[in-house]
1. Can PHE41 be described as touching a Ser or Thr at 6+ places or on another chain (Cβ under 8 Å) and either of a type in the set (D, E, K, R) or farther than 19 Å from TRP95 by Cβ (or both)?
2. For the range 70-101, which residues satisfy the criterion of being assigned to a loop (DSSP other than H, G, I, E, B) and either open to solvent by less than 60 Å² (accessible area, probe 1.4 Å) or under 30 Å from GLY2 (Cβ atoms) (or both)?
3. How many of the residues making up the range 102-152 are surrounded by 14 or more Cβ atoms within 10 Å (Cβ to Cβ) and farther than 30 Å from THR37 by Cα?
4. Being under 15 Å from the mean Cα position of the chain (by Cα), under 16 Å from PHE135 (Cβ atoms) and of a type in the set (Asp, Glu), is that true of even one residue in the range 43-66?
5. Residues to consider are GLU44, GLU49, GLU55, GLU67; find the one that is among the charged types (D, E, K, R), free of Cβ contacts under 8 Å to residues at least 12 places away in the same chain and open to solvent by less than 90 Å² (accessible area, probe 1.4 Å).
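The values are calculated or read from the model by the stated rules, or taken from the named source; none is laboratory data. Source: prediction; values computed, not measured. Glycine gets a Cβ as well: all are built from the backbone with ideal geometry, and neighbour counts include every protein chain shown. Surface areas here come from the heavy atoms of the whole protein model, side chains and all, with no ligands, DNA or RNA. Shrake-Rupley method; radii C 1.70, N 1.55, O 1.52, S 1.80 Å.
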Amino acid sequence: MGIWSREEIEAAFSSYVAAADDGARTGDWSAFAQHFTEDCFYKEHLIGEMNGREEVQAFYTRSMVEEYPGNCIVDFPIEWHIVDDERGWVVFQAWSVMADPGDGSVHRAYNFSLVKYAGNNQFSYQEDIYNPMTFGTMIGDWETTKLAAERT
């Protein structure tokens, strides 16, 4: 048996997901950042590594609010997740869903992430794993569709 119960880990993960949904909806990522320990480590394979909650919040604010194409992502639905209650880990598949380009079509790509629970409704580690080429192709298709919809 691990340090934390499956129920505690599941509740923390549900809260984490709700905070990410709220961040995507409002552009305020502060509640999401509170789901990380002050000394957390976050590895994003294309962007780099972040050390600490403040860097995580700054990254999400910059990449999801201030910079293209992240500021066009409107939803991060979780398709599935697995809890390893022995380790306190959660592995999940999340979609990055782009805003409607104007024709009602859906453009999305997924990533796998690992978060490591540290107690107190917080995670000490996150790693996002995905294929940047898949994201690039999806964004290119979205841009083409958006331009076509704007012309009609």
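1. So PHE41 fits the description; yes.
2. PHE76, PRO77, ASP85, GLU86, ARG87, GLY88, ALA99, PRO101
3. So in the range 102-152, the residues surrounded by 14 or more Cβ atoms within 10 Å (Cβ to Cβ) come out as 102, 107-111, 113-119, 121-128, 130, 135, 138-139, 141-143, 145-146, 149.
Filter once more, so that each one left must be farther than 30 Å from THR37 by Cα: 102, 107, 138-139, 141-143, 145-146, 149.
Selection size over the range 102-152: 10.
4. Yes.
5. Details: GLU44 fails: free of Cβ contacts under 8 Å to residues at least 12 places away in the same chain; GLU49 fails: open to solvent by less than 90 Å² (accessible area, probe 1.4 Å); GLU55 fails: free of Cβ contacts under 8 Å to residues at least 12 places away in the same chain.
Only one candidate qualifies: GLU67.
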